[in-house]
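The values are calculated or read from the model by the stated rules, or taken from the named source; none is laboratory data. Source: prediction; values computed, not measured. Here the Cβ is made from the backbone with ideal geometry for all residues, glycine too, and neighbour counts use every protein chain on show.
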Amino acid sequence: MSKEKKKISRRQFVVRTALGGTGLLVVGAFVFKRPIRRALAEYADTVELFYTGSTDDPLIWFELTSENNVVFHCPKVEMGQGVFTGLAQIAADELEVSMEQIQVVHAASASGNLDLLSTGGSTSISSLWEPLRELAATMREMIKIAAAESWGVDVSELSVSNGIIAAGVNKTTYAEVAEGITDWTIPSTPELKPMASYKFIGRPVPRVDLIPKVYGTPIFGMDAQMPDMLYGAIVRSSKIGAKFIDADTSEAEVMPGVVQIVKEKDFVAVVAKSMYQAEVAKRMIKATWETDKDWNTEDIEAMIRVGEGHPVEIQKEGRAERILEGSDNIISAEYFSPIGAHAQLEPNGAVAHVEGDKATVIISTQVVKITRDEVAKRLGIKKKNVNIIPTYLGGGFGRRLHTPHAAEIAAISKAVGKPVKCFYDRIEEFQNDTFRPPTHHLLKAVLKENGLIEALEHNVSSGDVSYGSAITPPLVNPIMGSDLGAWRGGMIQYRGIPNYRAVSWRVKLPFATSWWRGLGLMANTFAIESFMDELAWIAEKNPVEFRLQQIQDNKRGHRLKEVIMVAAEKAKYTDTVTNGKAMGFAASTDVNTPCAQIVEVSIEEGQIKVHKVSCVMDPGIVINPNQVEAQCEGAITMGLSAALYEKMYVEKGELQPVLYGPYRMALMKDAPRIIDVTLLEHDTKPGAVGEPPLGPIGAAIANAVFRLTGKRLRRMPLQEELESLEV
Amino acid sequence: MSINLSVNNQPYSIDIEDEQTPLLWVIRDLLNLKGTKYGCGLSSCGSCTILVDGEAIRSCSFPVSYAAGKNIITIEGLGSLEKPHPVQQAWIEEIVPQCGYCQPGFIMATAGLLIKNPTPTDEQIDEEITNVCRCATYYRMRKAIHRAAEIGLEQNKEGQLDE
Ligand code: FES
Ligand code: FES
């Protein structure tokens, strides 16, 4: 894709002196406001999401301290994906400081450096790749110009490293330069350095948050506290669609430690002196709720059917529909995926303090701005009077792309006049999740005489992912009419096939469904790549060859071909069973990142066992190979967990199960012993990393099980499906 | 009631109304040691794992009264920056954490395992380490557990030479 290069102009660059914090020099920029049309165009399957910064506040990105360190106010939150480390590497290289000199902190909403969207969609690094380097380079040049002027030399005579500027016998630090200057000359955006000269970009530097995370430093939302803080617990209904009516709180009021009951129009909460006391007292509250219906799994399954709901054609090449209609030799298959829970380890919650018309909220969230606006709205105060302080997230995975509890907890704080800390318990977390929606897929194909595909069609029915979500730009819904999240990964990637088509059916379910790492990617890839394997089998072709022969001849196609070929070679792919083990292959392309995986599977005492996963991925420029590998390992194992075991069901109006264990997830014993990751870099910019490797794993496992047992698993979770086929 | 606790080799005397209060909340909110995490409160995730008399237990389901007089170690007391515990050292070398929330629990569970069994096999690791990591960092954890065992052995040998 060719992007018009939009540099940061001088007028957009902001310089301020000390903020009352540690900063000697504070720089930022007004940049990145893109028209909504651009947003729409880019908000599509093949293109990275755009980055939008705030436009009404001076954005603070870098603060230079008197110790000659740089505090980087990161507008993206760190939830394990390594974004702090990757962005620090990028900034350090253009700033010409060492990694040790960069300290990364979450930008609080009051600092102005506010991401208008969210942290999610594997877009943080790709969207900031250019603007961040430009900002850093501008700040470096500013300081150099000032130093050159004071020495009466030309800027070109200066050398810089580790935040120290030298020319001849002169030597000074960034901090020393900044100390004496209030009137800065801001250069036009300097040329970025050539890739080869970068010292940190492309290197496996350790995570910047490694030490705190190994020593138990209090960095998470749930670790936050404020002086004189009380503990709240909100009563949540276990039922789908329950509306709060009223509550009898008489028994709770007299429980030990209870300070106050807070009843609002939409919830009731107890506030106590300790978390435990609040939790115990909460159970004594008898709340009444109104529900329309006691939903069951069958109701949900009946809604999620191709043919139900609202269809939108999302991809069309050639005459797939017509060919399929007129053919007597249609091959077709249906696939299913269940409701999935996020199950991130840190529950949702916040610490909030409301004083008069001001509010402060410390919270694990992926949406700082939306949370700020919701708190302001609930309290009826100005947005600029709300300071959202994001913390490290104890897992995100999309669960924190809407954090409306911030406003509830702020209301509790307002009612008691003190800071309040309040969190979901685990059962509530499971029942009030914003789930990965269940899906139904219908695949149809006609083969040519040579065994290759003449026409292929994918229909997917899914609960909403992004449709109507708080972070979807409002115009996107009516214009696109379909759910962009649900069909992620749902398009046909083998574009050498002459006729293909994809259709997405949108269904609104009675409980919240939303973003789950990779959105529709895992389920869609499971369906399409399983079907490709079925077609290869029918055509009596090697599944890897079968795919390679149907890839188009363009850059996207070449990158996909390459990951497939390298994976087959590295894993020594064979479609025959050896020593009770079979291999399974699958590939996907997500946000421009192609990924191929080969698994080695056996069945041990009825359990599907994945021994080895070989993964080849091409995310373009790799900022930190160690962390990209870590993302692959994690996404593969999380995907394996979801594909093999995970499933929520609906019974008597409740989502179940509500605990780890009953909600079976992969543990140490289930994780592959070998994960072999190979990274290719066939693009000129960094692309998506955190989600793409979650695509192929489900299909790869199902395809291996088929080679091993002759049983085709078309329904996730696969372990349960295998057992049900066996009886 | 008042209970005497030894946490990270420090004596504490705490006043608590309800002796059923889980040790987790006493550690986190009364002693203000936030490294021990809440994940489920129902003994199903292991985020709250600590050592009590050298044994890994899940503190969310361990009433504080049971801990009286026992020797409690939390992540904060395991090793120091200058002298990391072998498990922490191994975790740093392998760059294990992602979001990091589950990590103290896994580190403590591993420390407990190595006390019982200084060189666990893969099968023993599978059986003994049953905590939940949603970022699914198991692959690196397994490598780090073996590495920690190695570091432990090396340190033991050095210790013996020093004597
Ligand atoms: S919090 Fe104790 S096991 Fe989950
Ligand atoms: S590192 Fe995130 S849950 Fe384990």
>> Give me the residue from region A:312-349 that is touching a Leu at 6+ places or on another chain (Cβ under 9 Å) and in a loop (DSSP other than H, G, I, E, B) and, out of that set, farthest from ligand 1 (Cβ to nearest atom).
In response: A:329
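Among the residues of region A:429-445, write down those that are out of contact with any strand residue (DSSP E or B) (no Cβ under 8 Å at 6 or more places or on another chain) and within 13 Å of chain B (Cβ to nearest Cβ).
A:429
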> Which number in (1) in a loop (DSSP other than H, G, I, E, B); (2) within 16 Å of ligand 1 (Cβ to nearest atom); (3) surrounded by fewer than 21 Cβ atoms within 10 Å (Cβ to Cβ) marks the one condition that residue A:427 misses?
Replying inline: (1)
> Are there any pairs, at least 6 apart or on different chains, whose C-beta atoms fall under 6 Å, with the first in region B:64-87 and closer than 13 Å to residue B:54 by Cβ and the second in a strand (DSSP E or B), and if so, which?
Replying inline: B:70/B:52; B:71/B:6; B:72/B:7; B:72/B:52; B:73/B:51
> So, in region A:344-364, of the ones that are within 30 Å of residue A:658 (Cα to Cα) and more than 14 Å from chain B (Cβ to nearest Cβ), which residue ends up surrounded by the fewest Cβ atoms within 10 Å (Cβ to Cβ)?
Replying inline: A:363
> Of all residues in region B:119-153, how many are within 16 Å of ligand 1 (Cβ to nearest atom) and more than 7 Å from every other protein chain (Cβ to nearest Cβ)?
Replying inline: 3
> Got at least one residue in region A:228-238 being assigned to a loop (DSSP other than H, G, I, E, B), out of contact with any Ser or Thr (no Cβ under 7 Å at 6 or more places or on another chain) and within 13 Å of chain B (Cβ to nearest Cβ)?
Replying inline: yes
>> Let me confirm something: among B:39, B:46, which residue is within 16 Å of ligand 2 (Cβ to nearest atom), more than 13 Å from the chain's Cα centre (by Cα), in the same structural domain as residue B:12 (by TED's automatic domain parsing) and not in a strand (DSSP E or B)?
In response: B:39
> Are any residues in region A:565-590 touching a helix residue (DSSP H, G or I) at 6+ places or on another chain (Cβ under 7 Å) and crowded, with 23+ Cβ neighbours inside 10 Å, and if so, which ones?
Replying inline: A:568, A:583, A:584, A:585, A:586, A:587, A:588, A:589, A:590
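A quick yes/no check of all residues on (1) surrounded by fewer than 19 Cβ atoms within 10 Å (Cβ to Cβ); (2) within 16 Å of ligand 1 (Cβ to nearest atom); (3) at the interface with another protein chain (Cβ under 9 Å from one of its Cβ atoms):
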| position | (1), (2), (3) |
| --- | --- |
| B:17 | yes, no, yes |
| B:34 | no, yes, yes |
| B:50 | no, yes, no |
| B:66 | yes, yes, no |
| B:70 | yes, no, no |
| B:93 | yes, no, no |
| B:117 | yes, no, no |
> Right, residue A:704: buried (at least 24 other Cβ atoms within 10 Å of the Cβ), in contact (Cβ under 8 Å) with a residue 60 or more places away in the chain and within 30 Å of residue A:194 (Cα to Cα) or not?
Replying inline: no
> Identify, please: which residue in region A:606-621 is crowded, with 24+ Cβ neighbours inside 10 Å and over 26 Å from residue A:662 (Cβ atoms) and is, among those, nearest to the other protein chains (Cβ to nearest Cβ)?
Replying inline: A:613
> If the Cβ limit is 6 Å and pairs must be 6+ apart or interchain, which residue in region B:123-137 that is touching a residue at least 40 places away in the same chain (Cβ under 8 Å) and under 17 Å from residue B:104 (Cβ atoms) pairs with which residue that is within 16 Å of ligand 1 (Cβ to nearest atom) and assigned to a loop (DSSP other than H, G, I, E, B)?
Replying inline: B:130/A:667; B:131/B:46; B:132/B:45
>> Can you find, within region B:19-32, the residue that is nearest to ligand 1 (Cβ to nearest atom) among those that are assigned to a helix (DSSP H, G or I) and buried (at least 22 other Cβ atoms within 10 Å of the Cβ)?
In response: B:24
